[in-house]
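Chemist: What follows is a structure written as structure tokens; I'll ask about it next.
The values are calculated or read from the model by the stated rules, or taken from the named source; none is laboratory data. Please read these numbers as outputs of a predicted model, since none were measured by experiment. Cβ sites come from the backbone with ideal geometry, for glycine too, and all protein chains shown count toward neighbours.
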Amino acid sequence: MGIIADDQLKWSTHIKIVEQKLKRLIGILYKIRYKISDWFLCNIYSASIHPYIIYGMEVYGDTYSSYLDKLTTLNNKSLRILQEKRFVVM
């Protein structure tokens, strides 16, 4: 883990790297969701996905909301997997 800053402090590179890591981890979470217990699934989320989202949030959390929307969407996707909910388009 680390924070990647560009010369303009837009944090787009850092968020893109975190987004790629989260997509991979969410894919794994999605594939194993019915093979392990709910308790263990929550532990996997807490140990592997949540730290990527909150690490350095104090630093890059004040960036453009369009950058952070990607991380919010991925976090919501992982939480829906934990709760066995489907995505609803409004």
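Chemist: The conditions are (1) surrounded by fewer than 12 Cβ atoms within 10 Å (Cβ to Cβ); (2) modelled with pLDDT under 90; (3) not hydroxyl-bearing (Ser, Thr, Tyr), and PHE40 fails exactly one of them. Which is it?
Modeler: (2)
Chemist: Would you check if there is a residue in the stretch 50-58 being part of a helix (DSSP H, G or I) and at pLDDT below 85?
Modeler: yes
Chemist: Here is a further query. So is ILE44 in a loop (DSSP other than H, G, I, E, B), farther than 23 Å from ILE4 by Cα and without any contact (Cβ under 8 Å) to a residue 24 or more places away in the chain or not?
Modeler: The answer is no for ILE44.
Chemist: Does TYR30 satisfy being touching a helix residue (DSSP H, G or I) at 6+ places or on another chain (Cβ under 6 Å) and either more than 16 Å from LYS77 (Cβ to Cβ) or in a helix (DSSP H, G or I) (or both)?
Modeler: The answer is yes for TYR30.
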